[in-house]
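As structure tokens, the structure follows; a few thoughts come after it.
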Amino acid sequence: APPIIEEAKAACVVGERIDGYLGIIDESAASDTLRREVRDINQKRKDAYQQLASANGVPVAAAAKVTAEKLINGAPSGHCVQDASGQWVKKP
Amino acid sequence: CATVKVEAPDKPIEINLNVKIEQEVRVKLDREVEDLISSNPDIF
Amino acid sequence: MAAKGFDLLKWLWRISAGLVLLLIVAAGAAYIWRLPLAGWIAEGQLEKLGLEDPDVTVTTLTMKKAAFTLEAPQLSGEASVDYEFGELWRDRRVRDIVVPRLEGTLVLTETGEVSVEGLSLPQGDGEPQEKSGYPFRSLTVAEANVALMTPEGEGRLTAAIAVDPEEGGEIVLELTGDRLGVETLSAEAINLSANIDLTSDGPATGKATLRGDVLTAQTIARNLDLQLDGAAGDWRPLLAGKLPDSGRLSLNISSASIGAETTAVLQSLADGAPPFQTELDLVTLTGSVDAMIEGGVMTARIGDAPIEARSSEGSFLRLEGIEAEPLLVLSEDSADVAARLSTELPQFAGDVVLLAKQEGTGPWELALAGHLPRWEIAGLTLNADEVAAQGSYDRGVLTLETQLAGRLQQARLGALTVSDAPIRAQLPVRADFNTSLFSIPGTEDATVVVGGAKLRSTNGSMRATLGPTELIPEAGRPFLSAALGEANSLEGGVGVRLSRISAQAGETQIRASSLRGAASLDFDNQENITALTMSLTGGNGQINNTLSLQNIVADGQVRVLSGDAEGELTIKGVTITEAREAPRVASMKVSGPVKLKSGRVGFNLAVAGPNGTPLGTVKGQHTLETGRGHAEFDSGELRFVAGGLQPSKLLPPLIGIISKATGSLHGSAVADWGNGGLKTSAVISPTKLSFSGPGITVERTSELTGVLTFSNLFPVTTDGMQVIEVGSIDFGSIALPNGEVRFELPGDDTLVVEEAVFPLFDGQMIAEKAVIGFDGGSVATLRAEDLDLGAILSFLKVKGLTGAGRVEGTLPIVFDRFAVRIENGVLRATSPGVIEFTGPTAEAAAQSNQGARLAFDALEFLRFSELEATINGRLDGDLDFKFTFKGESEVDLDGDGGAENVNAPIIFRANVEVPLISLINQARLSRDTRLQIEAAREQLENERNDPEE
């Protein structure tokens, strides 16, 4: 992902959600440019999930959910991710 | 043979039916998701 | 420049020489007396010499002595001569001549020749006489009283002379006169007293003091108090009327006040010095000069006090020598000056070392170097920390190759005043005093590097600061030229390589930096106009910290007139972006004409996207003073293509909201800005505009068409209710087709749907008064009216599951930024209908067991009186449909497919959960479904065995 996103992730301003999209954790620290970048990436992810879902006959949300699990598991320590209940937690 | 006259019982028969149309097992997606993530580094 | 000063010395020298000549005449007269015919012959001789009827009475005539008196209109007196007759006869030599009394008239001609009136002096043959060869042994004139006739007036000369060619002697003389001298040099109320010692071994020393007023053609030196102290190498040639070829003269001016109009010394310096005007009222002159004459070469040095001219209000000019160097070396055919000039004048302060050399009457070769904290030339006020120049001064024309490092403190260049500009320059400077024209001609090798400068228009309406700038004089065009002494005659032109400029006019500020390209500055102080012509091929800038400009390519000219500025600029290309962290309008490339007239900038520009796709035109104007302006943008037909022009490329705030747009749009917008605010409005007319989004909650919005008017773009606000036709809004699993939406954007980041009607399932989906926050977290309730159950069931695509009937209900839609969900959507049948579930899926389900068989038998054709469907779940994922219905069906009780069917009333509750996507064709029953069917079967059998226990 572009540096602005990586930095935001490292600073727990942005994190991976359980629905497969990027979420803004700390609204106050998110600049307009960062918000636009997050929106842009989420739209592109949705596009990717749609293609994956239709190729595999699963609902888009399902495809997104599975990807989310991988992304959350793969997130480096220090990054913040959503737990099953949707709470933001910092990876140990 | 005797015809048994079946009459509609006076009390309506109650039938409860749950039909759940399940999805395919999703295990298959694992590999595709790995490919998806690796082939789109700029959005994942 | 010292030449003129030297004339004074030459004149004084000539006068004293003339006096000595007179003495010779007296001696000569005695010599003639030797002739035996005494007075008469003498008278004859004298007459021959032009003396009118001389009356000579010889008082004594002996072998040893003769004494006589001479009376003639021009010359009279007594004399006595001792001689030794033999010497007199043989060598015509006498011993001692004593002249107790002598009166006569001396005539000084315009060209400086001295002659006794009516007497032509025996011109010395110029050869120094041998000491012994003199006609007399000693000459003593007790009191000579001579009238000095000069073209300017008469003076009286008294002299006492005692000369012995062997032993030397002494001459004391005094010259007084109300007014005398020649036209170019005269004196008034003059008192010159001198005494000269003629030493025996040759050198003659003399002291003289001169008081009075000396006048030259250009100046008057009032109450001059001058001391002369001189020595001649060998005085004897003097007697032969030839200037001594060596000698020493020191001149000390203890005071002299020079008249108002012009000043002798300053004017003489002005002639040769860099151009400046001296209107000093009264200047006192002091200083002393020692001059040595050796072998026809005079070497002058500053004496113990430097020559200084000081005005009453503190201005001064001081002339000093340089260390051991002589101030002036004057020979027959060359002059050499080495002086330190320090001055404090209104226009010229500092000190300069000047070396000047002249060969014959050729040009003066000059070299000067110094430090001038204040130097005003031609309207420019310079502070030259270091200045050096080499060049020549020839017949009134001074050309100097000048190197200057310092600071231009102030200069008016046309209608712009330039101030505090550090400057390093290498320039050819030319001052022609005949035409009084000062100019810096344009030559290639001239360089002027300016560290920066402040500019201000004369009426103060505009100010600018320049970064480091290089001025490039152009060949064939004078960089600067001005009439000496008239600052507003300054004009010129120069190439300019700007780097940075920041200009402010009223409320408008423009900054530009890393400028590339060529520019030239032309100015004319008379016309009070400055023109900056430029052709920029690069550079960045900012306007009022709101618009930033990148790679400016433009040609044009801005003229600053005394009133204000005007100009034309043809922008070939410039990329404009909002100077904000996250620009609201994407960067645009604009090109076209811009006009500046009476403080207003008018523009009519073509607008294109960064990669050049034409977007439309923008025209309007901006008033510099108030900083207010108006602009109208018209887009023409914008065609969106995936991968090409996109809305988010025009309006970055749409990034991640609208993407992969197709279709077209026409937009026109109006913007008004001023005192910090920006008001915008727009009319946007999409035609079949489709895009993915908005956001990720809607998969695709297609074919929007309508005319939307916005009262503000930032934040986006519609002008009240707007109507738009919508091809479809596709949430992924469900799409609302061909709707018409009446909506409003109040500008508070919400979308207010007044009413939206979508035909769906042969009925209508209606949204009313829904407020949807851009950031989600809001609920809108869709009302379903008169939907056809058959259409819904076929939409579910459950094979073999069909039905008929009309349903209605409400579907609460919950939006958040990431998903759209229906929560507790309820649809109820508004009239009895039929459900049929046949076909392979049903057969497969029925096979599992008897119960299922019965249940699906019932479902094969079930007439329901009541049906309720609840819908829950994400529109892009698991959307659960649950149907419950009550109704009758025919059930084959005995289960053997017998022909006989008994129509048994059944209450049938079925929960059919359908994940709403295309997986249906791989549908299979889940495990728990079988359990439920068995339960239903057992219940049926219980009913049958003992219908009523």
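The values are calculated or read from the model by the stated rules, or taken from the named source; none is laboratory data. Just so it is clear, the model here is predicted, and its values are computed rather than measured. A quick note on method: Cβ atoms are made from the backbone with ideal geometry, for glycine too, and the neighbour counts reach across all protein chains shown. Only protein heavy atoms, including side chains, enter the accessible area calculation; ligands, DNA and RNA are left aside. Shrake-Rupley method; radii C 1.70, N 1.55, O 1.52, S 1.80 Å.
General remarks:
- When the test is whether a residue is over 23 Å from C:LEU654 (Cβ atoms), more than 13 Å from chain C (Cβ to nearest Cβ) and crowded, with 21+ Cβ neighbours inside 10 Å, A:VAL81 passes it.
- All of (1) touching a Gly at 6+ places or on another chain (Cβ under 6 Å); (2) surrounded by fewer than 19 Cβ atoms within 10 Å (Cβ to Cβ); (3) more than 14 Å from chain A (Cβ to nearest Cβ) hold for C:LEU689 with one exception: (2).
- Reported count of residues in region C:319-347, each being of a type in the set (Gly, Ala, Ser) and open to solvent by less than 20 Å² (accessible area, probe 1.4 Å), is 4.
- Any hit, region C:457-464, residues being open to solvent by less than 10 Å² (accessible area, probe 1.4 Å) and either touching a Gly at 6+ places or on another chain (Cβ under 6 Å) or among the hydroxyl-bearing types (Ser, Thr, Tyr) (or both): yes
- Residue check for C:THR435: within 30 Å of C:ASP336 (Cβ to Cβ) and in a loop (DSSP other than H, G, I, E, B): yes
- Test: residue in region C:532-539 that is surrounded by fewer than 17 Cβ atoms within 10 Å (Cβ to Cβ), touching a residue at least 24 places away in the same chain (Cβ under 8 Å) and part of a strand (DSSP E or B): yes
- Flag if A:ALA61 is facing chain C (nearest Cβ under 7 Å) and hydrophobic (A, V, I, L, M, F, W, C): yes
- Selected residue (criterion: farthest from C:SER778 (Cα to Cα)) from residues of region C:695-707 that are surrounded by 19 or more Cβ atoms within 10 Å (Cβ to Cβ) and of a type outside the set (Ser, Thr, Tyr): C:LEU704
- Selected residue [touching a strand residue (DSSP E or B) at 6+ places or on another chain (Cβ under 9 Å), under 18 Å from C:ARG817 (Cβ atoms) and open to solvent by 30 Å² or more (accessible area, probe 1.4 Å)] from A:ASP32, A:ASP26: A:ASP26
- Number of residues in region C:823-836 that are open to solvent by less than 20 Å² (accessible area, probe 1.4 Å), modelled with pLDDT of 90 or more and of a type in the set (A, V, I, L, M) equals 1.
- Some residue of region C:204-213 being more than 20 Å from C:THR111 (Cα to Cα) and at pLDDT below 80: yes
- Any chance C:GLU808 is of a type in the set (Asp, Glu), in a strand (DSSP E or B), more than 19 Å from C:VAL757 (Cα to Cα) and open to solvent by 50 Å² or more (accessible area, probe 1.4 Å): no
- Residues that are assigned to a strand (DSSP E or B) and open to solvent by 60 Å² or more (accessible area, probe 1.4 Å) within region C:359-392 comprise C:GLU359, C:GLU365, C:HIS371, C:ARG374, C:GLU376, C:ASP385, C:GLU386, C:GLN390, listed in sequence order.
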